[in-house]
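The values are calculated or read from the model by the stated rules, or taken from the named source; none is laboratory data. On a predicted model such as this, the values are computed, not experimentally measured, just so you know. Note: ideal-geometry Cβ built from the backbone for every residue, glycine included; neighbour counts use all protein chains shown.
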Amino acid sequence: MVKIKVDLKDRGYDVIVGTDTLPELGALIEADKLGREIFIITDPLVNDLYGDILRKGLKQRAKTVEVARGEQQKNLKIAAKLFDELVKFGAHRDSLIIGLGGGVIGDLAGFIAATYMRGINYIQVPTTLLAQVDAAIGGKTGVNHPKCKNLIGCFYQPKAVFIDVKTLSTLPARELRTGLAEVVKYGVIEDADFFKFLEANAHHLNTKAFEEEETKRAALKLWQTIVVESVKVKAKVVEKDEKEAGLRMILNYGHTVGHVIESLTRYRAYNHGEAVAIGMVVAAMIAQRMGMLDKEIVIRIKGLLEKLGLPTEIDNLPAKKIIAALSIDKKVSAGKVNFVLPTKLGSVDVRNNVPASIIKQSLVELGAK
Ligand code: NAD
Ligand code: GLY
């Protein structure tokens, strides 16, 4: 097992990454006295796959509540139902919540933990790649408002993040790819060596290796390295800027245009990572046109995303519509659109002065009408 510290003083915690380690979570809770009784929030599929493995290791009284799968469950109505269940269970200040699942479950579980009795302990047990490398770390919790994603929530750090990489072996290929977009992001924004590592291993980063017993072990080793290196980058950024006063914004590389593409296609055509992949290429092209980045790096970023099976072209969306939507997105401050632009591999700059003409040229080059 590898431990990565998120050093936030009294709110600090360990991210523990291992393979086949889920049964050991109970011992950690016991040793660190994290909760007298345990309330597990999960979804039916993840509960079927991993609920028993997790529960077997627990010594405390535990109750599991399932939330149906999907982003549309991340809302206040479901939160209210979970509060009812906590009351029924008799959960108190010294109870512990565990979020077992993808980013939807993690955001919801964190929000419930942050607000029940003004805040009780929780542990993230992320089971998708996206949640392992991103959503579970950093304490962003919340639910959606019908008019805006992630509008209601707060920063509230978990007591631990416990990652069993073996859970990735049951993920569908598309879910694995959506997480890979965030993994590539870490290489571009902070770690050039990690980017090169991903380039060298891209052909192994799919679900194929999980199909055969002989290749599964090597695959898990590789995924563990990828999760560990990604967590290191996220932890480093969160430590420096827990509440996104500035630096944490670099984690939004690719998200400015990505979010707009997601919402303009009504969250149906692309999932989050796919839209972010397109957004990362657009941002790299903008950086090149602004004279900040060599063309060779744009080609490498686009090439790596394509090798991983992620989209890098914009189909059927008018550039004009994308630009109009950019100005009402959350990444606008003082009326200006913030873009995270790479300057070389492993380094980015945040700019709010990108001319609309450059955004348009870059979008059109990628296929926008
Ligand atoms: P998700 O939580 O919807 O999970 C995707 C699907 O994978 C679900 O249907 C789930 O049942 C299934 N699943 C989960 N683990 C599995 C496993 N091991 N094997 C097989 N199937 C499995 O999606 P996601 O991509 O994990 O998370 C997206 C959410 O994360 C969004 O709501 C987003 O806003 C949020 N997010 C939060 C942060 C943050 O900092 N808090 C960062 C990024 C994203
Ligand atoms: N996913 C971006 C962040 O945690 O800040």
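Being surrounded by fewer than 15 Cβ atoms within 10 Å (Cβ to Cβ) and assigned to a strand (DSSP E or B) is not true of K77. The condition of being among the basic types (K, R), surrounded by fewer than 17 Cβ atoms within 10 Å (Cβ to Cβ) and assigned to a loop (DSSP other than H, G, I, E, B) holds for only one of K216, K243, that being K243. Look at (1) farther than 16 Å from E182 by Cβ; (2) touching a Phe, Trp or Tyr at 6+ places or on another chain (Cβ under 9 Å) and you find that V298 fails only one, number (2). The single condition from (1) within 16 Å of ligand 2 (Cβ to nearest atom); (2) surrounded by 18 or more Cβ atoms within 10 Å (Cβ to Cβ) that N150 fails is (2).
So for segment 188-197 (the condition being surrounded by 15 or more Cβ atoms within 10 Å (Cβ to Cβ), touching a strand residue (DSSP E or B) at 6+ places or on another chain (Cβ under 6 Å) and in contact (Cβ under 8 Å) with a residue 60 or more places away in the chain), does at least one residue qualify? Yes, some residue in segment 188-197 is surrounded by 15 or more Cβ atoms within 10 Å (Cβ to Cβ), touching a strand residue (DSSP E or B) at 6+ places or on another chain (Cβ under 6 Å) and in contact (Cβ under 8 Å) with a residue 60 or more places away in the chain.
Scanning segment 275-293 for residues that are buried (at least 23 other Cβ atoms within 10 Å of the Cβ), away from ligand 2 (no atom under 16 Å from the Cβ) and in a helix (DSSP H, G or I) turns up I278, V281, V282, A284, M285, I286, A287.
State all residues of segment 264-287 that are polar (S, T, N, Q) and in contact with a helix residue (DSSP H, G or I) (Cβ under 7 Å, 6 or more places away or on another chain); if no residue qualifies, say none. Matches in segment 264-287: N271 only. Among the residues here, I250 does not qualify as part of a helix (DSSP H, G or I) and more than 16 Å from ligand 2 (Cβ to nearest atom). Just so you know, in segment 246-274 the residues that are in contact with an Asp or Glu (Cβ under 6 Å, 6 or more places away or on another chain) and modelled with pLDDT of 95 or more include one that is surrounded by the fewest Cβ atoms within 10 Å (Cβ to Cβ), and it is L247. Listed by position, the strands (runs of 3 or more DSSP E) contained in segment 100-207 that have at least 2 residues being of a type in the set (S, T, N, Q) and under 28 Å from G51 (Cα atoms) are 121-126, 140-145.
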